[in-house]
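Quick note: the coordinates plus some simple rules give every number you see, no bench work behind them. In this text the structure is predicted, and so the values were computed from the model without any measurement. In this analysis, Cβ positions are derived from the backbone assuming ideal geometry, glycine residues included, and neighbour counts consider all displayed protein chains.
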């Protein structure tokens with residue numbers, strides 16, 4: 001054991017504020033990676049105390065016990081037991097106990113104590129618990145547990161000071177505890193015994209349970225009601241999508257105008273040549289048409305993060321469990337799938353919390369059908385071009401269409417999940433067993449931080465991948481130059497034009513022209529790039545107004561309504577970005593699932609676009 | 001465990017707002033242990049907060065200061081009195 005550095009592992013129930021405490025102690029000195037060979041996230045951080053001692057803190061996945069039901073929980077057990085080859089056994093365990101909800105934490109503490117490692121119990125959220133009338137004899141509790149008990153308030157500055165002081169004291173003593181090598185998994189009888197022991201200890205310490213307001217229970221009765229609960233959920237989701245469209249329009253107009261002005265300025269102040277073309281037509285028009293969707297993405301994420309923080313999301317999972325169960329998904333799949341509305345990648349990674357492997361695979365397979373924020377730019381562009389900005393029964397028609405597109409994605413996901421269930425047959429058991437944490441007001445700081453992360457990620461993509469693709473696309477669509485005496489627009493003679501024409505043969509039956517076919521290619525790398533690519537293709541098609549006026553008015557005048565609708569339908573199922581496929585490969589540890597996914601998504605997208613195109617033609621003729 | 005001669009009531013038989021006391025959780029498999037771990041041990045007080053239509057699946061149950069959502073087959077494992 002190193003004298004200069006000690007390894008501390010944080011163990012606690014889900015939602016006990018463990019990660020907040022970890023953040024409080026380590027600040028920004030964190031490293032997030034995966035445990036080797038598995039896809040469980042490993043969060044490590046450092047702290048140097050006033051006495052100069054260095055601590056390595058490990059934030060272990062939340063768990064109710066050391067008997068795992070998920071991959072994450074198995075990691076917690078294995079680290080605590082020192083079974084993981086890559087991870088030395090911790091010197092000390094900090095058991096984070098939620099003071100507003102003590103009995104289960106205390107039971108876990110008794111189970112963890114049996115490991116034979118030095119342990120400190122951190123009573124977290126004591127501020128909240130005390131407000132609700134909690135009290136406990138901390139010294140007695142410490143004596144009963146045979147471990148120091150400290151109070152922490154993870155969300156307050158200095159809220160972890162007591163813990164750090166104890167860590168210093170503990171590691172300056174020479175500990176005589178030896179890890180218990182005889183550990184075995186507790187039986188049902190053992191679990192009951194630890195409950196009885198926990199209850200006895202709480203009584204001995206004069207524990208007064210924090211009161212839960214009747215109001216909370218009433219709120220739950222209403223929000224979990226089979227009819228009113230679903231109604232509220234539906235209205236809420238509907239409101240979110242309306243807001244995404246209507247609140248974002250002003251900032252989007254501003255960004256649009258700014259990008260157009262910048263393009264004009266470059267055009268006016270540079271001599272004609274390849275560089276001016278690259279800057280104005282390639283980079284500014286391309287990247288600008290993606291950045292314009294930042295306001296919508298931020299609004300969508302603000303809602304998702306606020307719902308997550310408030311404790312409502314698991315309730316939505318409860319409400320939808322029945323529907324999802326009927327197609328072979330777990331209600332637990334709701335949270336990964338909702339995250340997939342922002343981006344399929346975190347969504348697919350969040351499926352790790354689903355205990356059943358089959359459920360998890362099914363969830364991964366349908367996650368890309370959730371309309372991710374990268375598809376929003378495409379939808380927004382096409383809706384603005386083809387759907388009139390009209391009032392329909394008090395609702396914005398464009399917002400209604402957007403809602404319908406999201407809905408189509410969800411319906412497609414249910415259909416695919418149902419098909420998967422039919423294919424694999426059998427009726428394996430599904431576990432739900434989901435905790436519904438107490439409601440709380442979302443913390444503004446958390447929200448702001450989360451939004452900042454997303455915005456940075458999105459802009460990073462716009463700055464990196466998208467910029468690079470725009471340059472490549474610009475090159476492909478500029479060279480080779482048209483032959484002397486050519487009559488068509490220059491792009492028609494370029495590599496991109498040739499490629500687009502070749503693809504257009506396959507895509508003509510679903511109403512796509514060669515410009516769309518060109519744009520679909522970079523769209524594979526990241527969906528939102530398709531919009532920028534269209535911007536580039538049209539700006540180079542000799543249409544001088546394409547850059548100064550909005551792209552949407554150009555395509556509105558050049559495409560038929562049927563083509564616009566077919567492209568919308570295509571993007572409901574659109575083959576996902578390469579990054580998603582890479583994550584599926586990593587998470588399933590096989591090429592099989594990403595391959596199946598690619599094929600079935602292409603197939604569905606083609607079918608949906610074909611049906612939409614033909615129907616739209618038929619209706620507009622007949 | 002003595003058989004009372006009738007089918008014992010389970011969590012999934014509760015009405016919204018109704019309280020009961022846990023009698024036992026049958027068997028010793030992973031599901032049973034997890035139910036015990038999250039607080040459904042003999043003597044624990046439970047209250048049904050809400051249940052979904054149709055067939056009370058899933059249910060939301062208050063136990064030991066926490067609320068859990070359980071599917072019907074999970075709720076039926078917890079015998080109450």
In nm, to one decimal, how far is the modelled label at residue A:585 from the one at residue B:73, with both set 7 Å along Cα→Cβ?
3.5
Could you check what % of the DSSP bridge pairs in the range A:5-204 are antiparallel, to the nearest 5?
35
Cα gyration tensor category, rounded, prolate or oblate, for the range A:328-458 with a/c compared to 1.5
oblate
Per residue of A:197-204, other chain Cβ atoms within 10 Å number on average 1
Using Cα atoms only, what is the angle between the long axis of helix A:102-113 and the major principal axis of chain A, expressed in degrees (0 to 90) to the nearest 10?
70
Can you tell me the 0 to 90 degree angle between the C-alpha axis of helix A:249-269 and the longest principal axis of chain A, rounded to 10?
50
At 222 nm, what value in deg cm²/dmol follows for chain A if DSSP H runs of at least 4 each add -39500 (n - 2.57) and the sum is divided by all its residues, to the nearest 500?
-18500 deg cm²/dmol
Tell me whether the range A:5-204 comes out rounded, prolate or oblate; compute the Cα gyration tensor, take square roots of the eigenvalues as a ≥ b ≥ c, and use a/c under 1.5 as the rounded threshold.
rounded
Looking at the protein assembly as shown, what % of its DSSP beta bridges pair antiparallel, to the nearest 5?
60
Label residue A:395 and residue A:236 with points 7 Å out from Cα along Cα→Cβ: what is the distance between them in nm?
1.8
Looking only at other chains, what is the average number of their beta-carbon atoms within 10 angstrom of each beta-carbon in B:50-56?
5
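Taking each residue in A:219-226, count the Cβ atoms of any other chain within 10 Å of its Cβ, then average. What number comes out?
5
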Quickly estimate the mean residue ellipticity at 222 nm for chain B, helices only: each DSSP H run with n ≥ 4 gives -39500 (n - 2.57), and the total goes over all residues, rounded to 500.
-3500 deg cm²/dmol
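Let's test the formula: R0 of 25 Å, r as the Cβ-Cβ distance of residue A:5 and residue A:157. What FRET efficiency results, to the nearest 0.05?
It comes to 0.45.
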Net lengthening on full extension, residue A:614/residue A:214 (0.36 nm per residue, minus Cα-Cα)
138.3 nm
The range A:550-607 to the range A:205-233: how many Å between their Cα centroids?
41
Residue separation between residue A:165 and residue A:203 times 0.36 nm, minus their alpha-carbon distance, gives in nm 10.9 nm
At a Förster radius of 60 Å, what calculated FRET efficiency corresponds to the Cβ-Cβ distance of residue A:506 and residue A:51, to the nearest 0.05?
0.30
Take the Cβ-Cβ distance between residue A:250 and residue A:607 as r, set R0 to 45 Å, and report the resulting FRET efficiency rounded to the nearest 0.05.
0.75
A chain fully extended from residue A:599 to residue A:468 at 0.36 nm per residue, minus the present Cα-Cα distance, gains in nm 44.5 nm
On Cα atoms only, tilt of A:228-246 relative to the major axis of chain A in degrees
50
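Using only the Cα atoms of the protein assembly as shown, construct the convex hull and provide its projected area averaged over every direction, in square nanometres to one decimal.
So the Cα hull casts an average projection of 35.9 nm².
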Expressed in nanometres to one decimal, the distance between label points 7 Å along Cα→Cβ at residue A:132 and residue A:269 is 5.9
